[in-house]
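*Asks:* Before I ask anything, here is the structure I am working with.
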Amino acid sequence: MDMSEITDTLGTFKPELIPKETGGNLDDYEDALHVLMKFMGSMSSALEQVSGRGANAIVYQAGKRMGHESAKMMDKTEDLEKALYELSEVLGEEFYFIKWKPDAQDSYVLQKDNEVTVKLLFMDCVVRQTLRRTGLPQKGPLCYLLYGYMVGAVEEVMDLKAKVDIDHVGPNACLKTLTIKWSAK
Amino acid sequence: MVEIIIDEDACVGCASCVEDCPNDVYEMDEANNKTKVVNEVDCMACLSCHEICPAQAMEHRDIHVAKRLYIDRKVNYALKRII
């Protein structure tokens, strides 16, 4: 943007606890989002360059902490369906997901020994959009932020150990498997 | 349900979509060396096939199209005026 295009807006600023307006329009939000996307992409790529595969663990841990924090106020439940609903509330519409199963499979949820698994299809994902903005491949460290976020949120809501595996990534949707271990806390 | 349409005139028969699809939605039609849809019901609309197809020979209908907020609205506006 040409600096001459930036118009200075004069106004009055008063000390207040809750700002009544944000002082920006849609273009400002778009610019801010894209700048943040570039920052995130740049950080992710530098982290990978410096730490190698350790970058995934660092970002995963950061996401997990965020997940635990975000889900603290959510209702606690051991019911997987309710937990998934809580997870969707935590993640918000920018991480819109649905349960998914192959047509030949009877149930969305599979029980095996003391584990239960469910496949989640992430349709909208800000992480994916960030990667596309910055030209980075999917399944890299930044994706681990969402994995950690999901695991943290599910662990917080269910008070059980959880893990997420990536099955497939695509430009329009990504398939992940969420595994809950009933015996582990 | 997802509907997939293959443009047989455009398909070059490279089988990239067959290899890339995680749910075996596509198969090669040996008769005409083109891809064919055999398992539409398991398509999860990830659109990996779109990305890998060198001929842009496929179309998916009735799918959730993910938000693309990473694209500049100014670019979209300019494209709409051209196309």
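*Asks:* Filter the stretch B:19-71 for residues that are within 25 Å of residue A:136 (Cβ to Cβ) and loosely packed, with under 13 Cβ neighbours inside 10 Å; which is nearest to the other protein chains (Cβ to nearest Cβ)?
*Replies:* Once the filter is applied, the top-ranked residue is B:65.
*Asks:* Tell me which residues, restricted to the stretch A:111-155, are of a type outside the set (D, E, K, R), touching a Cys at 6+ places or on another chain (Cβ under 9 Å) and not in a strand (DSSP E or B).
*Replies:* Selection gives A:123, A:125, A:127, A:131, A:138, A:143, A:146.
*Asks:* Restricting attention to the stretch A:125-137, and to residues there that are surrounded by fewer than 22 Cβ atoms within 10 Å (Cβ to Cβ) and more than 10 Å from chain B (Cβ to nearest Cβ), which single residue is farthest from the chain's Cα centre (by Cα)?
*Replies:* A:135
*Asks:* Can you tell me which residue within the stretch A:168-180, out of those that are under 17 Å from residue A:88 (Cα atoms) and buried (at least 20 other Cβ atoms within 10 Å of the Cβ), is nearest to the other protein chains (Cβ to nearest Cβ)?
*Replies:* Looking at the filtered set, the residue picked out is A:173.
*Asks:* Of the conditions (1) surrounded by fewer than 14 Cβ atoms within 10 Å (Cβ to Cβ); (2) away from chain B (no Cβ under 14 Å); (3) in contact (Cβ under 8 Å) with a residue 12 or more places away in the chain, residue A:165 satisfies every one except a single condition; which number is it?
*Replies:* Among (1) surrounded by fewer than 14 Cβ atoms within 10 Å (Cβ to Cβ); (2) away from chain B (no Cβ under 14 Å); (3) in contact (Cβ under 8 Å) with a residue 12 or more places away in the chain, residue A:165 violates only (2).
*Asks:* Kindly provide the set of residues from the stretch B:3-18 that are in a helix (DSSP H, G or I), touching a residue at least 24 places away in the same chain (Cβ under 8 Å) and open to solvent by 20 Å² or more (accessible area, probe 1.4 Å), ordered by number.
*Replies:* The answer is B:16, and nothing else.
*Asks:* Within the stretch A:39-81, how many residues are buried (at least 18 other Cβ atoms within 10 Å of the Cβ) and of a type in the set (Lys, Arg)?
*Replies:* 1
*Asks:* Looking only at residues that are buried (at least 20 other Cβ atoms within 10 Å of the Cβ) and either basic (Lys, Arg) or in contact with a Phe, Trp or Tyr (Cβ under 6 Å, 6 or more places away or on another chain) (or both) in the stretch A:83-124, which one is farthest from residue B:45 (Cα to Cα)?
*Replies:* The extreme case among them is A:118.
*Asks:* Which condition from (1) open to solvent by less than 10 Å² (accessible area, probe 1.4 Å); (2) within 14 Å of chain B (Cβ to nearest Cβ) is the one that residue A:150 breaks?
*Replies:* (2)
*Asks:* Of A:87, A:36, which residue is within 14 Å of chain B (Cβ to nearest Cβ) and not in a loop (DSSP other than H, G, I, E, B)?
*Replies:* So the residue among A:87, A:36 that is within 14 Å of chain B (Cβ to nearest Cβ) and not in a loop (DSSP other than H, G, I, E, B) is A:36.
The values are calculated or read from the model by the stated rules, or taken from the named source; none is laboratory data. Just so it is clear, the model here is predicted, and its values are computed rather than measured. Note: ideal-geometry Cβ built from the backbone for every residue, glycine included; neighbour counts use all protein chains shown. Just the protein is used for accessible areas: all its heavy atoms, side chains included, with ligands, DNA and RNA removed. Shrake-Rupley method; radii C 1.70, N 1.55, O 1.52, S 1.80 Å.
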